[in-house]
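Structure, as structure tokens:
The values are calculated or read from the model by the stated rules, or taken from the named source; none is laboratory data. From a predicted model like this one, the values you see are computed outputs, not experimental measurements. Cβ atoms come from the backbone with ideal geometry, glycine included; neighbour counts cover every protein chain shown. Side chains are part of the model used for accessible areas, which takes the heavy atoms of the whole protein and leaves out ligands, DNA and RNA. Shrake-Rupley method; radii C 1.70, N 1.55, O 1.52, S 1.80 Å.
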Amino acid sequence: MKLKKLIPFLLSAVFLTGCAAPQGQTNSYRQITMDEAVIMMEREQGYIILDVRRPDEFAAGHIPNAVNVPNESIGTDEISELPNKEQLIMVYCRSGRRSKEASEKLVKLGYTNIVEFGGILDWKGEIEK
């Protein structure tokens, strides 16, 4: 008899847990190749290219129209250069390590449309100084 009373309770608990799981999922960033990034830049509008290298590296040469917010400065505070958390933000660094770190931090700050595409070492396009 006790088992018959326990089964509906357990089923309810499983059902409610299952319903709550999608809300508990955290957002993530997408990782794409440099070639995919170039195609995306040609097709999309209203995006930001985010260079997360140090200011001296950025000044030495960066992807045209990129915005510089060093990875080390991304923390828990709002980022004035990135006011729209739903805007497509395409993130790169020198080799790809810092851009992954920065992308993870941006997602934790609530940004929902982050695309990480590696490092400028693989960039075959124009460089702006």
Identify, by number, the condition in (1) open to solvent by less than 40 Å² (accessible area, probe 1.4 Å); (2) of a type outside the set (Lys, Arg); (3) more than 23 Å from residue 27 (Cβ to Cβ) that residue 88 doesn't meet.
-> (3)
Restricting attention to the stretch 99-129, which residues are closer than 16 Å to residue 37 by Cβ, among the charged types (D, E, K, R) and buried (at least 16 other Cβ atoms within 10 Å of the Cβ)?
-> 100, 116
Scanning the stretch 72-104 for residues that are more than 21 Å from residue 43 (Cβ to Cβ) and part of a helix (DSSP H, G or I) gives 72, 73, 97, 98, 100, 101, 102, 104
Specify which of the listed residues (53, 43) is surrounded by fewer than 18 Cβ atoms within 10 Å (Cβ to Cβ) and over 14 Å from residue 30 (Cα atoms).
-> 43
